[in-house]
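Okay, structure first, notes after.
Here, each number is a calculation from the coordinates, and none is a lab measurement. What you see is a predicted model, and the numbers here were worked out from it, not measured in a lab. Please note: Cβ atoms are built from the backbone with ideal geometry, for glycine as well, and neighbour counts cover all protein chains shown.
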Amino acid sequence: MLGNYSIPPKTYFEIASLGYLLILYLISFHDPNRNIRTYRVFRILELDMLLALVVSILTYTFAYPELGTPIPVCTMLRTMDSVMCVLASRIFAIYLFAYVDTDQRLKPISVIGNIIFSVYLICMVMNLFFKFILWYTPEGVYMHGKLFVPIVFSAPIYYMASGIFILLKRLKILHFREKAALSIASLVTLFGTIIQAATDGVILLSLPFGSVGIFVLYFSLETSDYHKLLRNNEKLRIAERDAIKANRAKSDFLASMSHEIRTPLNAVLGMDELILRETDEDAVPDSESIKRINEYAVNIRDAGQVLLYVINDILDLSKIESGKMELNPAPYRLSTLIDGITPMINVKAEQKGLVYIHKTDPSVPDYLIGDALRIRQILINLLNNAVKYTKSGKVELEVSMKDKTDDAVTLCIKIKDTGIGIRKEDLPKIFNDFQRLNEKNNEKIEGTGLGLAIVKRMTGLMDGTVSVESEYGKGSVFTVLIPQKTDSSPHENDPAPEVSKRKLLEKIYYRTPDCNYLVVDDNRLNLVVAQHFLDGLGGVIETVMSGAEALEKMKAKKYDLIFMDHMMPELDGIKTYELSLKDPENLNIDTPMIMMTANALSGMREEYLEKGFTDYLSKPLEIKELLRVVALHLPADKIKPVMDI
C-alpha cells in the first residue's frame, strides 16, 4: 500500500517551510527572552505552525481514498488541516495584539475574533455529522460545500485583517523596525491565505507564507540582541523622564521658594524704608511717629519670622532625607508642651476671628519620654495649617490615647477645622513635598508646601503615623498617632519649662557687667545685631570684621567669650580658630569660642563641635538662645541676677 503513496508537488513549499521553521524553532529554544510575553506567544505560534505544516503535508499526501486510506481518516485529516491553519492565523493575530495593543484599547476586536473562532469550531464539529462544509462521497471523491470558503477562510482572513488594522491604528507608537517587520509579516501571511482561498486550495501558500512571516518576526523583533536593545532604550527613556521630572520639580521648587522668600523680604525692605522716612533728619519725631515706627518694627519682625519658617522647613526636610535628623528622647510634660503653643495659636486664630479649642483626655499620662521638640513642631505645623485654611468657625486640638501599657502609651492627636477641606482626588497627594493643592483658590494663602511633608516624615521617624479625613468645603481632621514611653519617676510640682522660656522673651534676667566679649563677623549688620543683643547684658563688647583682626585682638586682651563667624574672606572662622590655638602669644587659648553662623545645614553643629568650638549659634540670632549660651559658658561668679545689680 505504501508504494502507492507519493508526495504531491504542491506540498513542496510546505515541506521546505517545515524544514527551515524546525531549524528556527531549535535556534530560538534556549533564547533568554522566554519571560517576555510577546516572545511566549511567538513560541506558541512557531509550534502551532509546525504542527499545521505536518498535518497539511500528511493531508495532501495520504488523504486519498483511492490510495487505500479509509474515508473517516481522510475526513479527519482534512478537518484537522483546516483547524490548524485557522488556529495559526488566530495565534498570529494574538501576537500582533500582544505586541501593539499593550494597553488593550482595541480589546473588542479580539473578543469578536474569539466569537468567530468558536463559531468556526462548532461548524467543523457539526460537519463531521452533517457534511455541509467538506466531505468524501462513498466513491471516495473529495467535495466542498458552498459554505467551505466562507467558513474555512473567513476566520483567518478576519484575523489577518484585524491584525493589520491594529497595526495601522497604532503605527505612531512603534519604531521603524517594528513597523516594517510587523507590516511585512502580516501582509505576506494575508497574501498567502488569499491566494490559497482564491485557488480553492490548489496552490498551498497559506502556511509557507505564514512561515516566512514568522522568520521575519524572529530575526527582526524576537532575538535576544533586539530585546536587550529594547531594555536599554526603556532604561534611557525612564532616565530621560526622571530627568525631566526632576528638572520640573527643581523649577517648581525655585519658583515656590522665590515667592515664599521674596514676599516676607519685600515686607522687611518696605517697612525699613518707611522707618528711614520717619527718622529722616528733617523729620520731627512725635508720639504718633514713634507709634508708627514701632508698628513697622513689629511688621519687620513678623516678616522675618515667616522667612525663618520657610528656611527652617527646607532645612528640616533636608535633614530628614539625608538621614541626619536625630531624635532626642527626654522626659517632658505633655500639658506644658501644649500650654506652650496655645498662646501662639490663639493669637493667630483671634486675628482671623476663629475659635481655638483645646481638649485633653484626663486619663492621658502627663509625664512622658520622647522628643518633645519634634512633637511640638508637628503640632505647630498642623495647627498653623488649620488656621491658615479656615476662614470661619473653629480649630480644635484633641489629645487622647490608645494602646496604653505599664510603660508606654500611643498618643492620639486630632486637629480638626471647619476650613475649606480637601478634594477627594487630592487626598493621596496631601503629604507630598512642595505640594500645594487647589492653588487657584488658595493663591493668597502663604506656604511652601513642605509643612505636611515634614509632619509625615517626623511621625515616621518616631514610629508613628499621620492620616487625614476631609470633606471638601466642610473641613478636615488630621490624626497623628505617636508611641511614647511613660515617665514613672517621682515628680514635684515644678514650674513648666516652657514658662521659663517665655520669660526669657519678656526680659533679660541677668547681667554680666564684668565680662569682655569679642564678636568676629565680616558683615557690619550682623555685628550691630550681636552688639545690641549683648549690650543688654552689660560688660565690654568689641567687634572686628576679619579673622586677622581677631587674632591680633586675642593676643592683646583676655576675653570671657568669643563669638566667631564661619564664612569670612581670607581667614574663615575655622582657620582663625586653628591659628589661634597654635599662637603662643594668644591670651585666649582656654576662652570659650562660640561658632555663630548662618550655616544651619544638617550635621553642621556636630561638625563645629568636633573642630573644637565650645558651642554653636545659628543665624538669625534669637535673644533667648544667645542668653542661654552666654549663661551656660560663663563662670557663675560673672553672672549677676538683675535684682543684685
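Here is how the numbers come out for the structure above:
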item: Qualifying trypsin sites (Lys or Arg not before Pro) in the range 53-137, DSSP loop, other Cβ atoms within 10 Å at most 13; result: Arg105
item: Euclidean distance between Cα centres, the range 209-235 to the range 554-606, Å; result: 68
item: Amide H contacts under 5 Å for Lys394, placed H, 5+ residues apart; result: Val355, Thr418
item: Within the range 552-645: Cβ-based charge dipole about Cα centre, in debye rounded to nearest 20 (Lys, Arg +1; Asp, Glu -1); result: 240
item: ³J(HN,Hα) computed for each position of the range 413-429 - Karplus, 6.51 cos²θ - 1.76 cosθ + 1.60, integer Hz, glycine/proline x; result: 10, 10, 10, 10, 9, 10, x, 6, x, 10, 5, 4, 6, 8, 4, x, 9
item: Three-way shape call for the range 16-165 based on the alpha-carbon gyration tensor, with the a/c threshold at 1.5; result: oblate
item: Charge dipole of the range 354-419 about the Cα centre (unit charges at C-beta), most positive-ward option of Val409, Tyr389, Pro365; result: Tyr389
item: Positive minus negative residues near His633 (Lys, Arg vs Asp, Glu; Cβ under 13 Å); result: -2
item: Placed amide H near Lys619: partners under 5 Å, 5+ positions off or other chain; result: Thr597, Ala598, Asn599
item: Peptide ranges 235-242, 604-611 listed from the most packed, as the mean C-beta count within 10 angstrom indicates; result: 604-611, 235-242
item: Geometric extent, Cα atoms of the range 533-645 - Rg, Dmax (angstrom); result: 14.2, 45
item: Given Lys557/Lys638; Lys359/Lys416; Lys394/Lys456; Lys348/Lys485; Lys555/Lys575; Lys394/Lys485, the pairs whose alpha carbons are separated by over 21 Å; result: Lys394/Lys456; Lys348/Lys485; Lys394/Lys485
item: Exceeding the 22 Å Cα-Cα cut-off - candidates Lys235/Lys429; Lys388/Lys424; Lys169/Lys228; Lys107/Lys245; Lys402/Lys424; Lys235/Lys424; result: Lys235/Lys429; Lys169/Lys228; Lys107/Lys245; Lys402/Lys424; Lys235/Lys424
item: Sum of side-chain charges, Asn523 neighbourhood, beta-carbon under 10 Å (Lys, Arg +1; Asp, Glu -1); result: -1
